[in-house]
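Worksheet for the structure shown next.
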Amino acid sequence: DKLEDHNLKDILDSGLMVMVNSDDPAYFGGYLNMNLIQVQSALNLSKEDIKTLIINSFKSSFLSKKEKKYWISKI
């Protein structure tokens, strides 16, 4: 019922490929940056946790390997 109760941190710590996304932000009002900020605050995630979530997003994307490598190097 509350974001603070979500098990995202446990899943992340277990090494599973987890990430935070936004789904139809114009309709639901959940833009990616805001989603990351809210999750970080609610679950007390570290800077490294957030970096891992973002890197996982690129790793699981449909980008080419070259594009993934480029964007991950920017994080």
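Residues in the range 35-75 that are touching a residue at least 12 places away in the same chain (Cβ under 8 Å) and assigned to a helix (DSSP H, G or I): how many?
Going through the range 35-75 one residue at a time, the tally reaches 19.
Counting only residues that are within 21 Å of K74 (Cβ to Cβ) and not hydrophobic (A, V, I, L, M, F, W, C), which one in the range 1-22 is nearest to the chain's Cα centre (by Cα)?
My answer is N21.
Residues are listed down the side, and each one gets a yes or a no for (1) among the basic types (K, R); (2) under 21 Å from W71 (Cα atoms); (3) modelled with pLDDT of 95 or more:
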{"position": "S14", "(1), (2), (3)": "no, no, yes"}
{"position": "N21", "(1), (2), (3)": "no, yes, no"}
{"position": "Y31", "(1), (2), (3)": "no, yes, no"}
{"position": "I37", "(1), (2), (3)": "no, yes, no"}
{"position": "E48", "(1), (2), (3)": "no, yes, yes"}
{"position": "L53", "(1), (2), (3)": "no, yes, yes"}
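Starting from the range 1-19, take each residue that is in contact (Cβ under 8 Å) with a residue 24 or more places away in the chain and list its partners that are part of a loop (DSSP other than H, G, I, E, B) and aromatic (F, W, Y), counting only C-beta distances under 6 angstrom and pairs at least six apart or across chains.
none
Yes or no: K9 of a type in the set (D, E, K, R) and in contact with an Asp or Glu (Cβ under 8 Å, 6 or more places away or on another chain)?
So K9 fits the description; yes.
Please go through the range 23-45 and pick out each residue that is open to solvent by 50 Å² or more (accessible area, probe 1.4 Å) and either under 24 Å from S73 (Cα atoms) or in contact with a strand residue (DSSP E or B) (Cβ under 8 Å, 6 or more places away or on another chain) (or both).
Y31, L32, N33, M34, I37, Q40
The values are calculated or read from the model by the stated rules, or taken from the named source; none is laboratory data. All values reported here derive from a predicted model rather than from experimental measurement. Every residue, glycine among them, receives a Cβ derived from its backbone with ideal geometry; neighbour counts consider all protein chains shown. Ligands, DNA and RNA are excluded from the accessible area calculation, which covers all protein heavy atoms including side chains. Shrake-Rupley method; radii C 1.70, N 1.55, O 1.52, S 1.80 Å.
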